[in-house]
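To start, the structure itself, in structure tokens.
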Amino acid sequence: MRFPPYTVYPMTPEGQHLQFLRLALDEAKKCTPTPTAFCVGCVLVSCLEAEPIVISTGYSRELPGNTHAEANALSKFCSLPQDQLSKFNASAQSHADILASADVYTTMEPCSIRTSGLPPCAETLIDARVKRCFIGVGEPDDFVHCEGAQKLVNAGIDVIWLKGLEEESLNVARRGH
Ligand SMILES: [Zn+2]
């Protein structure tokens, strides 16, 4: 993996969110394009320390099957052995401790409907109890009507629509269409 789990990115607060979204875009560019799905990238960031730390990354179809970026980033983090968690925060006792303060950066709105049988990413993020979700662009109605952001808000997760990378996020997502 190119990033973390162990890298600290010092940066100024104002540009910080867009920088993490750019990391997510780098992930999205690793996707194998397919006409039947989007290419999405996701970065998980822990805010337990003074400087935010990338704790996991993921992209569409990175893990076997028709897997999604957000679920892959979570799954990779949750598969880290317990004894590696102290690298992110000295007092974190569990993966859940870290996720409770974690920010999700995803290039496209987390999905709310899956036709493949896997749980939608919005549900996966809600179950993981992450704190905030920063989104590059809304999911267009190419395949289904997405209500992922609203589901997150309904579950008490802060949703932040980042400005400035919408077009790039969409262009990368539609590679292969
Ligand atoms: Zn998804």
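The values are calculated or read from the model by the stated rules, or taken from the named source; none is laboratory data. Note that the coordinates shown come from a computational prediction; the quantities given were computed from them, not determined experimentally. As a convention, Cβ positions derive from the backbone with ideal geometry for all residues, glycine included, and neighbour counts pool all protein chains shown.
Side notes on the structure shown:
- Counted residues, the range 131-151 - those being free of Cβ contacts under 8 Å to residues at least 60 places away in the same chain and out of contact with any Lys or Arg (no Cβ under 9 Å at 6 or more places or on another chain): 13
- Count - residues of the range 37-85 that are among the aliphatic types (A, V, I, L, M), modelled with pLDDT under 95 and assigned to a helix (DSSP H, G or I): 1
- Single residue of the range 116-135 satisfying the filter (β-branched (Val, Ile, Thr) and within 13 Å of the ligand (Cβ to nearest atom)) that is farthest from CYS78 (Cα to Cα): ILE135
- Summed over the range 40-60, the residues that are within 11 Å of the ligand (Cβ to nearest atom) and not small (Gly, Ala, Ser) give a count of 2.
- With respect to the conditions (1) within 13 Å of the ligand (Cβ to nearest atom); (2) among the hydroxyl-bearing types (Ser, Thr, Tyr); (3) in contact with a Gly (Cβ under 8 Å, 6 or more places away or on another chain); (4) within 19 Å of THR57 (Cα to Cα), SER169 falls short on a single one, namely (1).
- Of everything in the range 87-115 that is part of a loop (DSSP other than H, G, I, E, B) and of a type in the set (D, E, K, R), the residue that is nearest to the ligand (Cβ to nearest atom) is ARG114.
- Of residues in the range 48-72 being touching a residue at least 40 places away in the same chain (Cβ under 8 Å) and aliphatic (A, V, I, L, M), the one nearest to LEU85 (Cα to Cα): ILE55
- For the range 136-147, the tally of residues that are of a type in the set (D, E, K, R) and within 13 Å of the ligand (Cβ to nearest atom) stands at 2.
- Residues of the range 116-148 that turn out to be of a type in the set (A, V, I, L, M), modelled with pLDDT of 95 or more and either closer than 27 Å to PRO35 by Cβ or assigned to a loop (DSSP other than H, G, I, E, B) (or both), as a count: 5
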